[in-house]
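The values are calculated or read from the model by the stated rules, or taken from the named source; none is laboratory data. None of the values given here were measured: they were computed from a predicted structure. Ideal geometry is used to build each Cβ from the backbone, glycine not excepted, and the neighbour counts take in all protein chains shown.
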Amino acid sequence: MLAVDPGAKRIGLAISDPGGVIARPLTVVRHVAREIDAATIASIASENEVGEIVVGQSFDEEGRPTLEGRRAARLAAAIRKQTDIPVVMWDEAFSTSTASEAVRELGVSRGKRRTHLDELAATVILQSYLEAKRGAA
């Protein structure tokens, strides 16, 4: 599986092991335009032979997608047009803050934290998705 943490400037990507147990950071893609980003993500998913693409989506307190959440939904729709790989939305609640805390605990310097947060947030999203799927199985 491939997870996508969409951002205004950078898009974090994470991938799971073939068994769908552990998520790990993969890369960061610079945001260009939705269609180009979608094509890049679809290509990376295909190259890595993933069976599913998980796109993180944020929600407000009432459970409605935030502005970023609506952008994520539009990116997911664009990815669906680029590939036959199933694309699912997943609540990304606290993924960036969880990733930020993890990087801080690892002692990564403040200057380097920003570059790692996007792919680590994607990793947090994917790991929570994998754990939820295992719990439902």
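Of the residues making up the stretch 42-66, those that are under 16 Å from residue 11 (Cβ atoms) and either surrounded by 13 or more Cβ atoms within 10 Å (Cβ to Cβ) or modelled with pLDDT under 95 (or both) number 11. When the criteria are applied in full, residue 21 meets the requirement of being surrounded by fewer than 19 Cβ atoms within 10 Å (Cβ to Cβ), more than 15 Å from the chain's Cα centre (by Cα) and hydrophobic (A, V, I, L, M, F, W, C). Residues in the stretch 27-40 include at least one that is under 11 Å from the mean Cα position of the chain (by Cα), part of a strand (DSSP E or B) and surrounded by fewer than 16 Cβ atoms within 10 Å (Cβ to Cβ).
Within the stretch 68-105, being among the acidic types (Asp, Glu) and at pLDDT below 95 holds for 68, 91, 92, 101, 105. No other residue among 3, 39 is among the aliphatic types (A, V, I, L, M) and in contact with a strand residue (DSSP E or B) (Cβ under 6 Å, 6 or more places away or on another chain) apart from 3.
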